[in-house]
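Report on the following structure.
Nothing in this text is a laboratory measurement; each read-out follows from the coordinates by a stated rule. Being a predicted model, the structure only gives us computed values, none of them experimental. A quick note on method: Cβ atoms are made from the backbone with ideal geometry, for glycine too, and the neighbour counts reach across all protein chains shown.
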Amino acid sequence: MAQNTVYQLDFDSNNSGYSLSLDDIAGETTDYFRRTDGSDIGADFSNVSGFYFAAQDIDGVGVTPIPSSTQTVTIPNINISGLDNLNFTIKIAEDDDGVNQDWDGADFFHVDYRIDGGAIQSLIWIEAETSGTNQLPRLDEDFDGIGEGIEVTDVFSEFSKAISGNGSTLELILTFKLDSGDEDIAIDDILVTSQNTAVNDSPSISNISQNPDSAVSSSDEVSISAVITDEDGLQSVVLDYDVAANDGSFDGSYDQSITMTNSSSTYMAIIPAQADGSNIYYQITATDLNSTPAVTSSAALSYQVRDPLPAPSLIITEVADPFDNANARFVEIYNNGSQPIDFDITPVYLARFANANTTSVDEQLIGVLGAGEYLVIAGSGTNYESAYGFSPDAISTGVSGNGDDTYALFSGSAGSGTLFDIYGAIGTDGTGEPWEYEDSRAVRNDLNVTPKTTWTASEWDIITANVNDMSPKRGEPDYVYAAGSWSPAAPEGLSTINDEIRVRDNVALTGDLEFRSLTVDENITFTVGANSITSSRNLFVNGTLDGQDGTLNFAGTLPQSTFGTGTLIIEDLIINNSGGVAFNNITNLEGILSLTNGELATNDLLTLKSFEGKAAVINEVVSGSISGNVTVEQFFPATTGRAFRFVSAPVNFDGSITANWQEGGSNAAGFGVQITGGDVAHGYDPSATNNPSLFRYDNGYTDPVSAWIPLSTANGDDLTSISPEAGDAYRLFIRGDRTTDLTSNTSAATATTLRATGTLVTGAYPATPIALAGPNLYSLIGNPYQSKVDVEQLLQNATNVVATEYYQWDSTTNNYVLYEFATPTTPMGSDISKNALPGQSFFVQSDATGNGSLQFQESYKTAGSDVATKNVDISNALTINLSTQEQIASGKANDIAIARFDEEFRTDFDPQDTQKFFGLSHSLAWEKNGAYYAVNRAAMPQDGDRFNLSVFVGTSGTYFFTVQSPEFEGLTTYFYDSLSDTYDLVTPGNPVVISKSIDLSNSSSTAGDRFQIVFRKSTLGMDDNFAFAKAISLFPNPSSDDAISISNLVAGKPVTFKIFNTLGQQVLTVEKTISGTIETINGLDNLANGLYLVNVYQNDLQTSIKLILN
């Protein structure tokens, strides 16, 4: 009986016709599923012959996604037509480490088969000898999952089994299940044979060759040849082939055939040229001339048609070998095309050929390189960043050319790709060559050249250079400032967004500037002044970009970045790039950030600065965004003293109150705040009394007494873990910075800046509107934006809220200030306006329904970074400002009471009147039946109307009431003091200052009804105080002379003049009978410059006139 070889797989010369369920490209030594010669795995075997197939810990193979521990080798379409007595042989080995056996009950290796697509049948199974762990692998003779037969050892041994049945095609299925370390198996020399009773042997097919054997293009015909012999001669030799889709799928059937021609025993056929991307599968079938013909088919073979990729629009633009730092070498590559290059789709390699070598060290490029963008590959990331101030795009140890090495770009695959651009010459040592670049920089002088496969000298400039001379990631400068002058000319008004600018010496701009990229060298200051600079690409700042009076506009289309170790100081910043902007430098913003378009990635390097009267803010955000942490500053001057401030978290804190507002517990001069009320372990700064200095406000209160909640250790508040969110509102006592002496209550206040780091909020905020207090109650609201907010707009769009007014806290007076939107009148010297400032909280009142809500919107933001305010004059409004002696001298007040008169109002107090929200110091309020009001809205006054004015002060002393009243027809206004039973005339139009002494030890002096505003009917005679006051005038005023004159007096009548300073002290008295209507007062040169009150008394009439001496 003759034995015929039906199929052979030895993984050496016969290494085809099978497919793998897992493509192991990881190359690991302990987790693998691949063909090997043993050099790249950790297992050891004997009786090895060349290559074999091995598997171990399959689910640990380092590919994505993580593979299953069960994988297969499939051998389909073995031709068994006319064959019987089939037999299967395989060699198997397992690495026995000599100490422990490694297979577990779940591990196995199975060889199964099926004929003509029928049922799968078991052939040879290897299983663990028990269901436990660390067992011997053995032959499973009865296919029950337990190995009881021959042991598999580390010696390749042959296992053989007959295949039952016959038919046309045979499929072998080899299944591996190995899921742990050291669980392995190896196979080799798979053979399928048949034995026929006839003596006819099948034809022999050998030495199959393909030309071209690789790199087949769509223009190539492919020649297939083989040596085919048979003792009986050959009836036919046919080449069957199939053109599969470019996804590589093949169903096992061939749809085209070619009869092969021969010369002697060599047969040949040509497969026509096929389309790019096609996968061609082919097989040779030979039939002999025996009366009972024997047929032999070769293994299935294949090739892929792949046209060479066109050279990408990619060129080498700079090769650097700085003479002062060999570790700062790099290669720069530039995309000079119009489209981005995706290196996953277009594989590109940078190859370095050292000295005269023809083999290279290759680095595959990754990512996407946009049109007009640079890519830098450095030999050392750490050394490169130290030298140039920013990280390279890629790192390759191959980038270590010392001046005589060649760099080249290849498309396709490493080692066998297509060369398309080169610096140097492959196989040539660069020493002494025109392209030698030792201790130099080689720079391409034209960015628009096409890639070259031969180095072209005219395209390159080679210059001896140090690190500071290099220009990685940007082009060569079009304008340079060095040694005190610009070259070729000053760029202001000349440069465009396509130009590169480099600043190598200190310089200040004299006008606006546009550029592509800007480089500011180390230790150099580039001063923008009050100008605008616009960039279409990147900033490389290793010195200082001083734009504290100017504007920086990022207006490119490709993603933009700042790079370097320097600092940017900017007044106004505009982000107008849909590709986004990334900061890699410390950046201090002092003015306005406008997020017009695209995302600003701060990389935690942006600080919004704050100074007296000014804070950096963010304009209304329409389509831009910001990511990353931002540090927000809030400045508090020393001039307002030790006082409570109503603050709001400006960011979502990254970290705790201690880490931010308390500077991490450090005693930083000029920064931070000390918070008392607990122990050090919980983040507090204990003082002698240790009273709480930080409070929350419960907007859900019903009892006002319990609304303020102190933060303290006793209440379980840990400042080291509390992390406020933007808009969280607090009342915070600020004594000064972190160096303030807590052992003294009289320590002088110092200026301080609170710093908070976290993410800014933009857009509608919060996502769930803020719930407000119950009917007629107050809610404390924090401004969540780093911007001024128009509270009027906020309240107009809120629900169940009093939308006509709100309260702000004025730390200069320790008092709440009411702000009425329609008729704003605030205490003298107050900066309170309709805008809530960044980092500020304020009170709003619910209406009679209550339990409403509000939400901040970008459109409520108010432009500008200043905090100035301006009040307007209101007709029919009577105002009374309460001032201390110090305040009246500087034109300021502690509190104000307002009366507005109109026929639409009622004289009796009702819900139209605004109730008083008392502060912590001196206060003033209208009083009626024990209720207090900040604004009295009343009908037009009538003769005899009286309004009680209650005054609340903390210390005894002289206080000043500045009363300003409109003119009410037929009525005279008086400020009445019941303690002295005196009426002070309030002259219409001009402020009248009235001084009163208040003694806290005297109940009559502090009585709630001591002061009143009184209206009396006027007459037109000269004996009427109102007419007298209107008639009298004083000149000159202001005066720098030693005398003043009083006119319109009554001739022949006694007159008395009394002059008072702002402390209420009488400094001059003149009494005389006058002969005319004008009288002069002399002796004023003895008085200091300042504000005085001149009281004039004649015929039981009196008036007061303010006098300024300068």
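Before moving on, here are some points about what is shown:
- Proximity of backbone amide H atoms, modeled 1.01 Å from N, is registered between Q915 and A934 at under 5 Å, excluding neighbours fewer than 5 places apart on the same chain.
- Adding -39500 (n - 2.57) for every DSSP H run of four residues or longer, then dividing by how many residues the chain holds, sets the calculated 222 nm ellipticity at -500 deg cm²/dmol.
- Anisotropy class of segment 314-469 from Cα gyration tensor, a/c 1.5 cut: rounded
- Site pair D10 and T639 shows an inter-label distance of 9.8 nm when each label is modelled 7 Å from Cα along Cα→Cβ.
- Anchor K609: lysines whose Cα lies under 16 Å away (excluding residues fewer than 8 positions away in-chain): K788
- Straight-distance crosslink candidates among aspartates and glutamates, where the alpha carbon sits under 12 Å from K861 and sequence neighbours closer than 8 are dropped: E620, D790, E792
- Using a Förster distance of 41 Å, the FRET efficiency for S209-D142 (Cβ separation, nearest 0.05): 0.35
- Cross-link reach list, lysines versus K177, counting only Cα pairs under 23 Å and skipping chain neighbours closer than eight places: K91, K161
- Close amide H partners of V1067, meaning residues 5 or more places away or on another chain with modelled amide H under 5 Å apart, are I1059, F1060, N1061.
- Remark: relative contact order (the chain) = 5 percent; criterion is Cα-Cα distance under 8 angstrom and separation of 6 or more residues.
- Backbone phi angles across segment 634-643, fed through the Karplus curve with coefficients 6.51, -1.76 and 1.60 (θ = phi - 60°), yield HN-Hα couplings of 9, 8, 10, x, 6, 5, 8, x, 6, 7 Hz in residue order; Gly and Pro are listed as x.
- Exposed GluC sites (Glu not before Pro) absent - longest run of the chain, DSSP non-H/G/I/E/B, at most 10 other C-beta within 10 Å: 1-902
- Backbone geometry of segment 608-619 corresponds, through the Karplus equation with coefficients 6.51, -1.76 and 1.60 at θ = phi - 60°, to 3J(HN,Hα) couplings of 8, 7, 9, 9, 5, x, 7, 8, 5, 9, 10, 5 Hz, x marking Gly and Pro.
- Taking every DSSP bridge with both residues inside the chain, close to 80 percent are antiparallel.
- With bins 10 Å wide beginning at 0, the percent of Cα pairs of the chain falling in each bin runs 2, 8, 11, 12, 11, 11, 11, 9, 7, 6, 4, 3, 2, 1, 0, 0, 0.
- Over segment 204-304 - Rg/Rh using Cα atoms and the Kirkwood inverse-distance radius: 0.99
- Protection proxy ranking of 163-170, 260-267, by the mean of other Cβ atoms within 10 Å over each peptide's residues and highest first, is 163-170, 260-267.
- Within the chain, longest stretch clear of exposed trypsin sites (Lys or Arg not before Pro) (DSSP loop, no more than 12 other Cβ within 10 Å): 1-869
- Under the Karplus curve 6.51 cos²θ - 1.76 cosθ + 1.60, θ = phi - 60°, whole-Hz ³J(HN,Hα) for segment 992-1009, x wherever Gly or Pro sits: 10, 9, 10, 9, 9, 9, 10, 10, 5, 7, 10, 5, 5, 5, 9, 4, x, 10
- Going from the residue with the fewest nearby Cβ atoms within 10 Å to the one with the most, S471, S131, S400 rank S131, S400, S471.
- Pairs with C-alpha atoms separated by more than 22 Å, drawn from the list K916/K1106; K892/K916; K834/K1106, are K916/K1106; K834/K1106.
- Shape call, segment 529-631: gyration tensor on alpha carbons, a/c limit 1.5: rounded
- Net charge of neighbours whose Cβ lies under 10 Å from the Cβ of D10, counting Lys and Arg as +1 and Asp and Glu as -1: -2
- Inter-label distance, D718 to N1099: 8.1 nm, where each label sits 7 Å from its Cα along the C-beta direction.
- Scanning residues 5 or more positions from G566 or on other chains, those with amide H under 5 Å from its amide H are V541, N542, G543, with H placed 1.01 Å from N in the peptide plane.
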